[in-house]
1. Could you list all residues from region 61-101 that are in a strand (DSSP E or B) and touching a Cys at 6+ places or on another chain (Cβ under 7 Å)?
2. Among (1) of a type in the set (A, V, I, L, M, F, W, C); (2) under 17 Å from R109 (Cβ atoms); (3) out of contact with any Pro (no Cβ under 9 Å at 6 or more places or on another chain), which single condition is W5 missing?
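What follows is calculated from the coordinates using simple rules that are stated; it is not laboratory data. Just so we're clear, the structure is a prediction, and the values are computed from it rather than from any experiment. Glycine also receives a Cβ, built like all others from the backbone with ideal geometry; neighbour counts cover every protein chain displayed.
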Amino acid sequence: MSDTWTFVCPTSQLLPGEMKTVFDEVTDVPIVIFNYDGMFYALEDRCSHEDFELSSGSFDRTEGSIECLLHGARFDIRTGQALCAPAHLPVAKFPVKHENDGIWTRDDRS
Ligand code: FES
């Protein structure tokens with residue numbers, strides 16, 4: 001398993017309610033990172049319904065969910081679980097770490 005972490009941004013550049021997408025340095029998988037009330041979460045930036053990019057949708061900072069722009073499926077950003085149809089499968093969740101005032105993530109499936 002690769003333990004190469006991908007730099008996202010300085011912590012100060014991802015404020016509560018914001019999200020940012022990066023590509024994993026090893027696998028090139030798109031990852032969307034959320035700041036949900038000061039906690040950071042990372043999901044694969046790909047809807048499990050039809051492979052559309054989740055980061056094009058809207059981040060509900062009250063519920064902690066992201067709604068896919070294409071057909072309206074919602075996912076819990078903390079777990080990746082699908083919350084409503086038409087998606088039924090979860091999206092992959094990835095680890096996040098803070099180090100040296102920065103945010104890092106990685107595709108830990110590789
Ligand atoms: S592609 Fe996301 S809900 Fe259909």
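1. Start the filter on region 61-101 by keeping residues that are in a strand (DSSP E or B), which leaves 65-67, 74-76, 82, 93-94, 96-99.
R74 - this is the single residue of region 61-101 that is in a strand (DSSP E or B) and touching a Cys at 6+ places or on another chain (Cβ under 7 Å).
2. So W5 meets the others, but not (3).
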